[in-house]
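Asks: Pasting a structure below so you can have a look.
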Amino acid sequence: MSSEKIKFNDTFLFGKSGVSPSRLESLSERLDICREWLLELHEKMELSFLNLPFEKNALSDLQKLVDTIDFSIKDVVVLGIGGSSLGPKAIYSALKPPYYDLNDKVRRVHFPDNIDPASFKALLDYLDPDRTLFLVITKSGGTAETATQFMIVWDYLNSHFDKKQAIEHLIAVTDPEKGSLRALVNEYGLKNCSIPQNVGGRFSVFSPVGLLPTVLAQLDAGQLLAGAGDMASSFRQGDVNHMALRAAGLFYLLHMEKKCPVHVLMPYSDAFYDTALWFNQLWGESLGKRKNLQGEDIFVGPTPVAARGATDQHSQLQLFVEGPKDKIITFLEVSDPGNDLEIPRVFGDYDSYSYLAGHTMGELLKTELAATSLALNKAERPNCSLILEKVDAYNLGQLFMFYQIATAVSGKLYNINPFNQPGVEQGKQYTYGAFGRPGFETEGKVMNKFKTGFATDSAKK
Ligand code: PA5
């Protein structure tokens, strides 16, 4: 039977500065239409993120691929950016024990997720090529950052190995047919797996994009899919109060009618901070759009913000409580932190220490979450909690699927296309122009006039 193990406590989204229950009720017909629309897109095979957890052979096929690696892997490096890196990175950092990467003796997965030459070179210098596997993950096959990482790694591998050995240290994850990486796979006979064509970058965490690094990290990909599958199934069952529909509806009303365009995700758990960064991309890139579906300018979209409790109580919280009344804060609460530490009965003569003694660190963290939520409510700041039993693959799978459904539904409510990202194209084209890529001469001229910064100077050389 399908179930949602994670819970959504939305009490403080209602009330004086929040939504009225009747207003949410009046949105229910639209929410129902959103669900039908999303299911129909899946039936027509235009989308398939809801179906990914049910792909029968997905994990066994990946395991077979991993079994073909004929050396003992110590380090795995994911070459990719955006949706091709944030999801697996969030899985890895949530499910590996804290500070796992400090252990030099275990297999580790690295996510450079950038083109900063300082950190990328440091990573290459650190690696033992004989025991490193590189995953090149890019749906389009030609993203400049990933292409650059891959070209450097190609050279690195070919300087250590002969041609045949070099490709043994690579697996490509890309479109099944299109793009330059697919062409390179065919030309060089690279090991590879495919991202289904109807799965977009930021909705690809349950495709090989998220699963291959998870399998290589020896994490429980099966439970991740089980959690996601249960969330997808309960959504399909048609309850208008499904937590993802309800959350999307409430966030939408708070944005459009209560002027709360800033959406903060604040896990009170170190494990989920990278999940908040994954959410940033999903929410921001999907919902920030200039045009509606009729092609009119509407310049819409909530601004996602990642925060961490309790850390950001001493940083951003002042702004959340007393700054503009334009935010919704979503807490991620973990019921069982797995480990806890008792606060010892020391320094009994000091009032500002003694009241802590006898409690646990976990108790303090949870109490601070509750206190922050109450304080925000008192200051008339809408806030809510997603409550996870514990940090495990099943709960994380539920959480990812919850947010993907909520994002798609929100797109429909905003009347925009949540699956494209036209706004990032112009910057890419200026970069192509600066680097002299054929077809982008006009952009190159614009860049040449704009004579600041390293990129233009180096491009002219
Ligand atoms: O969500 C998206 O589609 C994008 O953010 C992509 O994930 C990102 O641009 C990387 O693209 P690609 O996987 O094609 O390299």
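Asks: Before we move on, is Thr174 away from the ligand (no atom under 15 Å from the Cβ), at pLDDT 95 or above, open to solvent by less than 40 Å² (accessible area, probe 1.4 Å) and of a type in the set (Ser, Thr, Tyr)?
Replies: no
Asks: When segment 45-63 is examined, which residues are found to be surrounded by 15 or more Cβ atoms within 10 Å (Cβ to Cβ) and closer than 14 Å to Ala408 by Cα?
Replies: Listed by number, the residues that qualify are Leu47, Ser48, Phe49, Leu50.
Asks: Next question. Within segment 26-44, does at least one residue satisfy the condition of being closer than 18 Å to Ser204 by Cβ and open to solvent by 50 Å² or more (accessible area, probe 1.4 Å)?
Replies: no
Asks: Related question: For a quick check of your reading of the model, give me the residue pairs whose first member lies in segment 409-426 and is more than 11 Å from the ligand (Cβ to nearest atom), whose second is in a helix (DSSP H, G or I) and among the charged types (D, E, K, R), with beta-carbon atoms closer than 7 Å and at least 6 apart or on different chains.
Replies: Close Cβ pairs (under 7 Å, with a partner that is in a helix (DSSP H, G or I) and among the charged types (D, E, K, R)) amount to Leu413/Arg30.
Asks: Could you grab the pairs with beta carbons closer than 7 Å, sequence gap of 6+ or different chains, first residue in segment 35-54 and among the polar types (S, T, N, Q), second one open to solvent by less than 20 Å² (accessible area, probe 1.4 Å)?
Replies: Correct list of pairs: Ser48/His42; Ser48/Val199; Asn51/His42.
Asks: With within 16 Å of the ligand (Cβ to nearest atom), touching a residue at least 40 places away in the same chain (Cβ under 8 Å) and hydrophobic (A, V, I, L, M, F, W, C) as the only criterion, which of Leu287, Leu265 stands out?
Replies: Step by step, each of Leu287, Leu265 is checked, and only Leu287 is within 16 Å of the ligand (Cβ to nearest atom), touching a residue at least 40 places away in the same chain (Cβ under 8 Å) and hydrophobic (A, V, I, L, M, F, W, C).
Asks: Could you list, in sequence order, all residues of segment 290-303 that are away from the ligand (no atom under 16 Å from the Cβ) and touching a helix residue (DSSP H, G or I) at 6+ places or on another chain (Cβ under 6 Å)?
Replies: Val300, Pro302
Asks: So in segment 348-388, with the set limited to residues that are basic (Lys, Arg) and either more than 24 Å from Ala244 (Cα to Cα) or outside the structural domain of Glu322 (by TED's automatic domain parsing) (or both), which one is farthest from the chain's Cα centre (by Cα)?
Replies: The qualifying residue farthest from the chain's Cα centre (by Cα) is Lys378.
Asks: Now for a separate question. If a residue has to be open to solvent by less than 60 Å² (accessible area, probe 1.4 Å) and more than 26 Å from the chain's Cα centre (by Cα) to count, how many in segment 321-347 make the cut?
Replies: Selection size over segment 321-347: 3.
Asks: Right, here's the next one. For segment 66-99, name all the residues that are away from the ligand (no atom under 16 Å from the Cβ), charged (D, E, K, R) and closer than 23 Å to Ala147 by Cβ.
Replies: Asp75
Asks: Would you mind telling me which numbered condition in (1) more than 26 Å from Val19 (Cα to Cα); (2) surrounded by fewer than 20 Cβ atoms within 10 Å (Cβ to Cβ) Ile298 fails?
Replies: (1)
The values are calculated or read from the model by the stated rules, or taken from the named source; none is laboratory data. The structure presented is a predicted model; accordingly, all values stated were derived computationally and were not measured. Cβ coordinates were reconstructed from backbone atoms using ideal geometry, including for glycine residues, and neighbour counts include every protein chain displayed. For accessibility, only protein heavy atoms count, side chains too; no ligands or nucleic acids. Shrake-Rupley method; radii C 1.70, N 1.55, O 1.52, S 1.80 Å.
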